[in-house]
1. Name all residues of segment 24-45 having a backbone nitrogen under 11 Å from the label point set 7 Å from the Cα of A311 along its Cα→Cβ direction, giving them as ranges.
2. Could you work out how far apart the two model spin labels at K208 and H274 are, taking each label as a point 7 Å from the Cα in the direction of the beta carbon, and quote it in nm?
3. How much length is gained on full extension from T254 to D216, taking 0.36 nm per residue of separation minus their Cα-Cα distance?
4. Mind putting a number on the dipole of segment 130-294 about its Cα centre? Charges go on the C-beta only, +1 for Lys and Arg and -1 for Asp and Glu, and I need it in Debye to the nearest 20.
5. Counting helices only, and only those DSSP H runs with n ≥ 4, report the 222 nm mean residue ellipticity of the chain as the sum of -39,500 (n - 2.57) divided by its residues, in deg cm²/dmol to the nearest 500.
6. Ranked by Cβ crowding within 10 angstrom, fewest neighbours first, how are L202, L97 ordered?
7. For the cross-link pairs K183/K237; K47/K237; K13/K88; K155/K190, which exceed 22 Å when the distance is taken from alpha carbon to alpha carbon?
8. Rounded to whole Å and sorted largest first, list the principal axis extents of the Cα atoms in segment 130-294.
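Only the coordinates and a few stated rules stand behind these numbers; no lab work does. Model, not experiment: these values are computed from the prediction. Note that each Cβ is placed from the backbone with ideal geometry, even for glycine, and that neighbours are counted across all protein chains shown.
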Amino acid sequence: MRHFLHETDFAPKEIGDVFALARTYKRQRGRPCSVLAGKTWALIFSKSSTRTRVSFEVGIRELGGNTLFLNRNDIQLGRGETIEDTAKVLSRYVHGLVVRTYDHADVERLAAAGTVPVINALTDFLHPCQIYADAFTLAERWAGKRSNNLIGALKGRKIAFLGDTACNVANSWVIGANLLGMKISLAGPKGFAPSKTLDRMLEVQGLKEGYQFTTDPYEAVRGADVVYTDVWVSMGKEEETRKRVGQLSSYAVTAKLFAAAKPDAFFMHCLPAHPGEEVTQEVLDNPRSIIFDQAENRLHVQKAIITKLVAPKKRSS
């Protein structure tokens, strides 16, 4: 049984297949599809969401399947029942699981104990669906409409990630950049450097390019093709709001900082954004801000990921 828990669960060539299929789904949206005909996928969300929930629900239905949404109060996951027992029971009812939760170990335990595909829709450690959609968004822009070499369009490009550089999106972008032949520079306070867990994962996966970490945001964005940021206070860390805002205020993406990147650089944010904190409204509204393209492409890329898991031989047209 194959799962999608980490960016590395697909080899670079397979990521190219996912991107090509996502582009086909995007171009042919509205055409009948039977990849998941007669199948039901459960969405287990311990964390609330807009883009993740809607894109997966719509995507599964567009693939011909049904969805069952389960929040943390609907099931006994990790409370009155073990994660392993939950996985075994749900595997007898549904044909796949999409899980958005806190502890990354929980999705790994669900995948290990169950007998259906599991997709990591976000944990506190990684957000692989977001990074695939982000990379696809950039590949579309750089490769052009006619090129089939979407992955090739990413090679050698530089992304600068600013602010909370130890968050799940930053972790996933470090892994994704290494897989896709990109360079990544992180800028944040000293205490926000990537974790040793991420460093070990890079080492185990043989991703030797790694990343650059600096406390100087202008050094990070110099020569960058993409400037990326995320909220400073993730769900579950609200009590740290005042402290984090004080620590990270020097890393807000302002028009001046954005202008220090390449003249044609794109601005990206996984949303929701907090204008006036991690980014200014001026940057969000910039013509080179592609935040809503990112959001849309979650739908198409996730459909392609699901298809790759359940029908691996299906190719783009």
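1. 32-38, by backbone N distance to the label point.
2. For K208 paired with H274, the spin-label model returns 4.0 nm.
3. On the way: separation 38, 0.36 × 38 = 13.68 nm, distance 1.42 nm.
Between T254 and D216, full extension yields 12.3 nm more.
4. Values: 19 positive and 19 negative charges, 104 e Å.
The dipole magnitude comes to about 500 debye.
5. Working: 12 runs with 126 residues, N = 317.
Helix contribution divided over all residues of the chain: -12000 deg cm²/dmol.
6. Working: L202 20, L97 26.
Neighbour counts put them in this order, fewest first: L202, L97.
7. Values: K183/K237 29 Å; K47/K237 12 Å; K13/K88 32 Å; K155/K190 29 Å.
Beyond 22 Å: K183/K237; K13/K88; K155/K190.
8. If we take the Cα atoms of segment 130-294, the spans are 47, 39, 28 Å.
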